[in-house]
1. Apply the Karplus curve 6.51 cos²θ - 1.76 cosθ + 1.60, θ = phi - 60°, to the phi angles in the stretch 108-117 and return the couplings in whole Hz, x for Gly and Pro.
2. Below 12 angstrom from the Cβ of residue 176, what's the summed charge of the other residues (Lys, Arg +1; Asp, Glu -1)?
3. Using only the Cα atoms of the stretch 104-167, build the gyration tensor, take square roots of its eigenvalues as a ≥ b ≥ c, and label the shape rounded, prolate or oblate: rounded if a/c is under 1.5, else prolate if a/b is larger than b/c, else oblate.
Amino acid sequence: MRKKVVLVISFILILGVAYTWFYMNQYAIEPEEDAIHTGLADWQTSGEQTGFQFKILGITPINQTNTHIVLFETDDHNIGYARLLKGWNGKYKITNSGWGTNLVKYVDIQTNEGMYGILIGKNPGLEIDHIVAESPDKEFGFTAAVSNAETFVRYQKLPSRLKEAFPADITLYDDSGKILNPLRKEW
């Protein structure tokens with residue numbers, strides 16, 4: 001009987017150590033910009049020979065959640081983002097990222113505090129005053145002021161009742177309320 005108890009306790013300890021080791025390897029990025037840059041560069045180039053060149057423009061925590069958004073610019077001046085999750089060890093892991101030629105990108109993300117709609121983009125020449133993002137069925141929308149920001153991350157918590165928020169309809173406005181089109185424009 002004593003041998004069984006020792007075996008069960010040993011098994012539980014081994015599982016605990018294995019889980020802790022796995023968790024620590026998942027959440028391994030230190031909360032410093034250089035470490036985040038290195039982690040994101042590794043994330044973007046996994047399996048590729050060439051390096052991914054970019055500059056971090058900012059790291060935005062999403063309210064009181066475990067999520068941070070990294071805003072970056074590629075060498076060819078495209079805006080991108082990465083989602084970081086903060087673990088109980090105080091370190092981060094990257095869960096997704098993307099970049100492209102659109103001035104503004106909308107994503108919605110699930111956090112430990114609910115779903116958030118995120119607007120990421122750039123405002124060359126500060127021509128954009130504000131942006132309206134609406135769910136496809138117009139059940140939910142939010143307005144984000146960006147008149148004073150060359151690059152930005154704006155977010156809004158989405159209602160829990162919302163069935164679908166992606167893809168959002170995005171409309172850009174200048175300071176006189178005129179719609180700016182298109183989203184994809186050479187500046």
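Here, each number is a calculation from the coordinates, and none is a lab measurement. Computed from a predicted model, the values in this text were never measured in an experiment. Neighbour counts run over all protein chains shown; Cβ positions are idealised from the backbone, glycine included.
1. Karplus values, whole Hz, x for Gly and Pro: 10, 10, 8, 10, 5, 10, x, 8, 10, x.
2. On the way: positive: 178; negative: 127, 129, 174, 175.
Taking every Cβ under 12 Å from that of residue 176, the sum is -3.
3. Working: a/c = 2.64, a/b = 1.87, b/c = 1.41.
Since a/c reaches 1.5 and a/b is larger than b/c, the shape of the stretch 104-167 is classed as prolate.
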